[in-house]
Structures are given as structure tokens and as C-alpha cells.
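Before any comments, here is the structure.
The values are calculated or read from the model by the stated rules, or taken from the named source; none is laboratory data. Given the structure is predicted, the values throughout are model-derived calculations rather than measurements. Positions of Cβ are generated from backbone atoms using ideal geometry, with glycine treated the same way; all protein chains shown enter the neighbour counts.
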Amino acid sequence: MKKGKVIFHLIILISIVLLFFFLGKSSKITEEDLIGGEWVATAGYKNGKAEGEPVCTDYLMEGLEFKQDGVAYGGKLDEEFEYSVKYSEEGTKITFITKNSSYSYYIDKINKDEIGLVGALEFMHDDSCYFKRNK
């Protein structure tokens, strides 16, 4: 009977250790992940996959380059603007701030050269873009 309890507790302990290991390997995106190369919207982003046509704020879809200290460059605007990445229980949110507007998206890191954006505001829930990095 004691041997069964020990084995049971050992299995629980191993499960907890593995859970923390895999949680530590999450794909949480950082500013450093975004910097380098040009990001181009190639598709929409639905259920974690590239699907359909990209539907995002137009200045994001024509080439996006992230720089240091929360500055990005948009090809359509041909100017720099600000961005910020914030973490919450709902997910990781990126907000783009131009002279005239600001838009927020939930951002997923698919891998080091692919990200997905989904509109975070009520009126933007249908907006989604899948980006690939050109180096």
C-alpha cells in the first residue's frame, strides 16, 4: 500500500515539473522578437493559421519594420510611429499609435519569422493579418 502512494506522489511531482517546463517554453513575444527585417502581411489570421486575405489597418499591410524603443516604420505612411507590447490574461496586445489614430491587436508569435494579429477592439474583431518577416 505504501509503495502505491509513493508511486502516485512521484507521478504527480513529475507532472508538475513537466507542466512548469512547458509553460516556461511559451511563445510570448517581446520587442526583440519583432526587430529586424521587414514584416509583410501575406494572409488573414484565423484560429492560429494563415487563412484568406489580410484585413488590418492599411498602414500595417504594406511593409512594417520594428525598431528599438517602441518605434516602427510603415511603408504606406512612409513615416515612423509608436508601438507598445503589453501582456494580460486575455493575451499579448500590441498597440500602434500614429499622429491620427491608434489601433490595438492581439499578437501571436508563430515562430521567429511569423506573427499573427487579430483586432483587440470590439469594432475590429474581424481584422486579422498573418505576417512573414523578409530579412
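One residue stands out in the range 94-135 among those that are farther than 17 Å from residue 55 by Cα and among the hydrophobic types (A, V, I, L, M, F, W, C): the one that is surrounded by the fewest Cβ atoms within 10 Å (Cβ to Cβ), namely 97.
In the list 99, 93, which residue meets the criterion of being among the charged types (D, E, K, R) and touching a Lys or Arg at 6+ places or on another chain (Cβ under 8 Å)?
Numbers: 99 fails: touching a Lys or Arg at 6+ places or on another chain (Cβ under 8 Å).
Just a single option satisfies the conditions, and that option is 93.
From the residues in the range 52-93 that are β-branched (Val, Ile, Thr) and free of Cβ contacts under 8 Å to residues at least 60 places away in the same chain, which one is surrounded by the fewest Cβ atoms within 10 Å (Cβ to Cβ)? Out of the qualifying residues, it is 71.
Any residue that is under 18 Å from residue 117 (Cα atoms), at pLDDT 85 or above and either loosely packed, with under 10 Cβ neighbours inside 10 Å or of a type in the set (A, V, I, L, M, F, W, C) (or both) - is there at least one of those in the range 11-30? Yes, the conditions are met somewhere in the range 11-30.
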